[in-house]
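Beneath this line is the structure, given in structure tokens, with notes to follow.
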Amino acid sequence: MARIAIVGVGAIGGVTAALLQQAGGHELLLCVRRPMSDLSVDTPDGLVKVQASFVTDPSESSPVDWVIVSTKAYDVPGAATWLKQLCSNGAPVAVLQNGVEHRERFAPYIAIEKILPVMVDCPAERQAPDRIRQRGVMHLKVPDNALGRDFMKLFAGTQADATTVPDFLSVVWRKLCFNSAGVLSALVLQPAGVVRAKAMADVALQIIRECAAVGRAEGANLEENVADVVLAAQQAAPADSVNSMLADRQAGRPVEIDARNGVIVRLGRRHGIPTPANSMAVALMEALVAEA
């Protein structure tokens with residue numbers, strides 16, 4: 001088994017820790033900003049009390065076999081401060097973050113061949129600093145290469161839906177199609193049901209279509225009706241569900257606007273693809289956050 005460090009123990013990091021404990025045999029090191037001594041995860045199968053060591057100072061950490069980063073995308077510089085010590089023996093870094101630029105974000109800090117991008121999808125929320133509620137299965141998808149296959153072995157025997165995929169690029173762009181329209185909830189401070197209204201649904205469709213167009217230009221294989229499929233799924237979701245960008249804005253935290261919509265604008269510009277809906281969403285969100 002492996003010695004594994006998790007940098008960022010929010011909802012995703014906490015669920016990941018609980019799953020790795022269930023796998024059995026792993027030694028867990030939880031890297032946190034504020035002192036902690038306990039972590040409990042209320043999973044669909046019952047309460048898991050995570051057995052781990054906690055560390056708040058990167059200089060006091062020690063080498064591991066794997067590093068899992070589950071911070072928000074905007075907190076990469078903070079997460080990177082842990083890597084010098086943790087990766088001193090050559091440990092790879094699995095990046096569990098939103099967006100499509102996992103490797104690009106960490107390339108300034110670690111060799112590109114040591115970075116494993118991970119698509120993660122899990123309904124969970126942090127209810128208290130030391131308690132997380134997991135509402136459903138954690139889905140993990142990674143590229144089908146040697147590093148990805150080694151990462152999947154860490155979750156053997158757990159309830160995670162952890163798989164390698166031959167076309168990872170398409171997987172993360174399809175996820176971004178889902179995430180991109182989430183900006184509407186965050187902008188108007190309303191949960192997911194907001195896209196059931198026709199006017200908002202029309203705007204959501206435009207945001208998703210722009211995302212899909214840019215994704216295809218980047219090489220992703222996305223079906224022609226992906227925007228309609230994504231919107232239908234969002235309209236069928238519980239009307240009171242809250243995405244992470246809305247939760248962050250409600251809590252007064254920074255938001256992942258660049259990773260979720262800004263990247264569509266930036267890459268669209270590179271390919272000569274207009275992205276007016278996403279551009280407006282980014283401008284509005286940046287102005288609202290600046291005022292807060």
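The values are calculated or read from the model by the stated rules, or taken from the named source; none is laboratory data. It should be emphasised that the depicted structure is a prediction, and the values quoted were computed from it without experimental measurement. No Cβ is skipped: glycine too gets one built from the backbone with ideal geometry, and neighbour counts run over all protein chains shown. All accessible areas refer to the heavy atoms of the entire protein, side chains included, with ligands and DNA or RNA removed. Shrake-Rupley method; radii C 1.70, N 1.55, O 1.52, S 1.80 Å.
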Seminar exercise, completed: Sorted by chain and then number, the residues having a modelled amide H within less than 5 Å of the amide H of A94, at least 5 places away or on another chain, are V67, I68, V69, L116
For this session: Run through all the Cα pairs of segment 202-263 and give the fraction in each 5 Å bin from 0, expressed as whole percent.
Result: 4, 15, 20, 23, 21, 12, 5, 1
Exercise. Using θ = phi - 60° and the Karplus curve 6.51 cos²θ - 1.76 cosθ + 1.60, what whole-Hz ³J(HN,Hα) does each residue of segment 56-61 get, with Gly and Pro shown as x?
Worked result: 10, 10, x, 5, 9, 7
For this session: Quick one: work out the % antiparallel among DSSP beta bridges in the chain, nearest 5.
Result: 30 percent
Exercise. How large is ³J(HN,Hα), in whole Hz, for each residue of segment 178-191 in order, when computed from phi with the Karplus curve 6.51 cos²θ - 1.76 cosθ + 1.60 and θ = phi - 60°, using x for Gly and Pro?
Worked result: 5, 5, 4, 6, x, 4, 5, 4, 5, 5, 9, 6, 10, x
Exercise. At a 1.4 Å probe radius, carbon and sulfur cover how many percent of the accessible area of segment 1-46?
Worked result: 46 percent
Seminar exercise, completed: Accessible-area order for K84, K198, K175, largest to smallest, probe 1.4 angstrom, reads K84, K198, K175
Problem set entry | Tilt relative to the chain, helix 198-217 - C-alpha long axis, 0 to 90 degrees, to 10 | 60 degrees
For this session: Multiply the residue gap between D167 and H139 by 0.36 nm, knock off their C-alpha separation, and tell me the result in nm, one decimal place.
Result: 8.5 nm
Problem set entry | segment 67-76 - phi-based ³J(HN,Hα) in whole Hz, Karplus 6.51/-1.76/1.60, Gly and Pro as x | 10, 10, 9, 10, 6, 5, 4, 6, 9, 4
Exercise. Going by average Cβ neighbours within 10 Å, how do the peptides 98-104, 177-183 rank, with the highest at the top?
Worked result: 177-183, 98-104
For this session: Between the alpha-carbon centers of segment 43-83 and segment 159-198, tell me the distance in whole angstrom.
Result: 24 Å
For this session: Calculate, in whole percent, how much of the Cα-Cα pair population of segment 51-122 lies beyond 13 Å.
Result: 63 percent
For this session: Grab the Cα-Cα distance for A233 and R3, subtract it from 0.36 nm times how many residues apart they are, and report the gain in nm with one decimal.
Result: 79.0 nm
Exercise. Hey, with R₀ at 30 Å, roughly what FRET efficiency would E104 and L189 work out to, going by the Cβ-Cβ distance, to 0.05?
Worked result: 0.45
Exercise. Within the chain, how many Lys pairs sit with Cα atoms under 20 Å apart, leaving out pairs fewer than 8 places apart on the same chain?
Worked result: 9
Exercise. Given that compact globular proteins tend to follow 2.2 N^0.38 Å, what is the ratio of the alpha-carbon Rg of the chain to that value?
Worked result: 0.98
Exercise. How do 13-23, 53-63 rank on mean C-beta neighbours within 10 Å, highest first?
Worked result: 13-23, 53-63
Exercise. Any idea of the accessible area per residue across the chain, 1.4 Å probe, to the nearest Å²?
Worked result: 45 Å²
Exercise. Helix 226-236: angle to the longest alpha-carbon principal axis of the chain, degrees 0 to 90, nearest 10?
Worked result: 80 degrees
For this session: Pop the C-beta distance of E125 and K84 into the FRET formula with R0 = 25 Å and round what comes out to the nearest 0.05.
Result: 0.20
Exercise. For G90, what charge total do you get from the other residues with a beta carbon under 12 Å from its beta carbon, if Lys and Arg give +1 and Asp and Glu give -1?
Worked result: -1
For this session: Take the Cα atoms of segment 177-292, find their three principal axes, and give me the spread along each one in whole Å, biggest first.
Result: 36, 31, 21
Exercise. Rg and Dmax of segment 91-149, Cα atoms, in Å?
Worked result: 13.6, 37
